[in-house]
């Protein structure tokens, strides 16, 4: 993590002020815990329950960073990430896959569909904020 990213995280709350973060997860508990941590750090949070919900909202909200569960009903995280990354407008948007699966195969599959990072559940507040800060500092936002 860059010094700038570390400073943004350690200066929370408000250290990531204005960053638009989308959290896509079918678990209300995961969405809510991520929303609390990110909001306290100053992020603007957009929530989605599955891939279809996310695709509908991403156009309206233009997130800077996306956290995406892999195992979701209707449209899973792999398919959703692949669809986003095929669109030139969202190709550069960092996608961090969220999963309780930690196999090399799952992580490789995430990379193949364009994920920028793989974060294991249960994640910590610190790991969530560090991921946002690291990806925002590399995209120039």
Worksheet, complete the sentence: Residues of the stretch 123-141 being in a helix (DSSP H, G or I), out of contact with any helix residue (DSSP H, G or I) (no Cβ under 6 Å at 6 or more places or on another chain) and surrounded by fewer than 19 Cβ atoms within 10 Å (Cβ to Cβ), in sequence order, are 126, 127, 138, 139
Discussion item. Just to be sure I understand, how many residues within the stretch 39-54 are closer than 14 Å to residue 84 by Cβ, over 12 Å from the mean Cα position of the chain (by Cα) and crowded, with 17+ Cβ neighbours inside 10 Å?
Written reply: 3
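Read-outs throughout are calculated quantities, based only on the coordinates presented, and are distinct from any laboratory measurement. The structure displayed is predicted, hence computed values, not measured ones. Glycine gets a Cβ as well: all are built from the backbone with ideal geometry, and neighbour counts include every protein chain shown.
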